[in-house]
Each structure stands twice: as structure tokens, then as C-alpha cells.
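Colleague: Okay, here's the structure, questions in a sec.
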């Protein structure tokens, strides 16, 4: 509960953080070694989550394709569907806003992951549904898996998060203060 309270406070303290994080996109892409446009999976921000729309808008202007996740199986991985700003969204199985079922399914090159807290080892405290952990585990079992980057306020960082066997580490975290590559030696 403390992480949710902190995130709400950060929304009030740093209302421009989503735009500031978007301005750091080049830093993130360079650190990940991404040299070409691809498909980025955003998410529809809920409550005090850092809103990825400014980042999506910026990358779309640079030639990136956008996608949003959808829960299509209650205990399965997420499905990513192509999406453009302004297109109609519908509720998925979990009640979250997602592209219509007729939107083409895509495999992202980069997945932005919402979170409650993170650490420098790529640890992430999520909402507890396990959707992103199941998705990342499935995609990482395939050749050429996408990058998974947490999208958060810098103030959501904690010294160390506990990890369970099913928890999937992030490749990095993009904040309004810059890109943080996950440390393997942490």
C-alpha cells in the first residue's frame, strides 16, 4: 500500500514527469542498442501510473508502430494488438481498456511495463495479477525476445525488492530523470 501512496504523491509533485520521460527516449533506445524503428507496446495508464502517451506520440512520429496489451485468457500471457491514438478501446477480460479484438495482433520489439516500485536490478513490484511476468516469460522463451522497460517516476525506486521464481526482471527503467539499465551485479 505504501508504494501506491508514494506513486499518488509523485503524480502531484511531478505532473510533467510523463513528458520529461518521453524526452529521454533516445537515451533509452541507445542504451538498449535499438537502431531502427519497431513496435512498442504501451499501456493505458490507470490512476497515478506514469502515462506513456507522450512517449508513444514521440516514437510514432519517428516511425514506430504502437500496440496495447489485452487480457484474452485470465491466467495466460497478454496479447498485444496494434493501436493508434484515437482508436476505440473496449474492455478486455480483466476490465481494462484494450484495442478491439479485430485489431491485428503484433509482437512488440519493446514493451513498456507499468509498476508500483522498482530496483536497480530490474526488480519490479506490479499490481499482483502476474500478467506481465507470464508474458515476459513466454516471450523470453522464443528467439529474439523484446526488451522490457519499466516506466515510472524516479521516486518509485526502492533499494531492493524481494523476488520470487516467477518474477521477470526488467531490462531497464525509464523515468523522468533518465534511463536506468538493470544491473546484473546488483
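Values quoted throughout were computed directly from the atomic coordinates according to the rules given, and no laboratory measurement underlies them. None of these values were measured; they are calculated from a predicted model. Methodologically, a virtual Cβ is constructed for each residue, glycine included, from the backbone with ideal geometry; neighbour enumeration extends over all protein chains shown.
Colleague: Determine one quarter of the surface area of the Cα convex hull of segment 69-134, which equals its mean projected area, and express it in nm² to one decimal. Don't skip to the end; give the middle numbers.
Modeller: Numbers: hull surface 20.5 nm².
The number I arrive at for segment 69-134 is 5.1 nm².
Colleague: Tell me, what is the percent relative contact order of the chain, built from C-alpha pairs under 8 Å that lie six or more residues apart? Show your work: numbers first, answer last.
Modeller: Values: 375 pairs, mean separation 44.5, N = 186.
In percent, rounded to a whole number, it is 24.
Colleague: From the Cα gyration tensor of segment 87-186, with a ≥ b ≥ c the square roots of its eigenvalues, which class applies: rounded if a/c is under 1.5, or else prolate if a/b is larger than b/c, or else oblate?
Modeller: prolate
Colleague: When the Cα centres of segment 15-29 and segment 43-90 are compared, how far apart do they sit, in Å?
Modeller: About 17 Å separates the Cα centre of segment 15-29 from the one of segment 43-90.
Colleague: How do 57, 144, 119, 133 line up, fewest other C-beta atoms within 10 Å first?
Modeller: On the way: 57 15, 144 7, 119 23, 133 18.
Placing the least packed residue first, the sequence is 144, 57, 133, 119.
Colleague: Could I ask something else about it? Where is the GNM fluctuation largest for the chain (alpha-carbon springs, 10 angstrom cutoff): 164, 73, 87?
Modeller: 164
Colleague: Only bridges whose two residues both fall in the chain count here: according to DSSP, what percent of them are antiparallel, nearest 5? Walk me through the intermediate numbers first.
Modeller: Numbers: 14 of 27 bridges.
In the chain, approximately 50 percent of DSSP beta bridges are antiparallel ones.
Colleague: Now, a different point. Which whole-number percent is the relative contact order of segment 32-90 (Cα, under 8 Å, 6+ apart)? Working shown, then result.
Modeller: Details: 66 pairs, mean separation 17.5, N = 59.
Once normalised by length, the contact order is 30 percent.
Colleague: With springs only between Cα atoms under 10 Å, which of 104, 146, 54 fluctuates most in a Gaussian network model of the chain?
Modeller: Looking only at 104, 146, 54, the biggest GNM fluctuation is shown by 104.
Colleague: Among 71, 12, what is the fewest-to-most ranking by other Cβ atoms within 10 Å? Show your work: numbers first, answer last.
Modeller: Working: 71 19, 12 8.
So the ranking, lowest neighbour count to highest, is 12, 71.
Colleague: Still on this structure, please answer the following. Taking the Cα-to-Cβ direction at residue 9 and at residue 89 and moving 7 Å from each Cα, how far apart do the two end points lie in nm?
Modeller: Taking the simple label geometry, residue 9 and residue 89 are separated by 2.8 nm.
Colleague: Rounded to the nearest 500, what is the chain's calculated 222 nm mean residue ellipticity when only DSSP H runs of at least 4 contribute -39500 (n - 2.57) each, over all residues? Can you show the working numbers first?
Modeller: Working: 5 runs with 45 residues, N = 186.
Rounded to the nearest 500, the figure is -7000 deg cm²/dmol.
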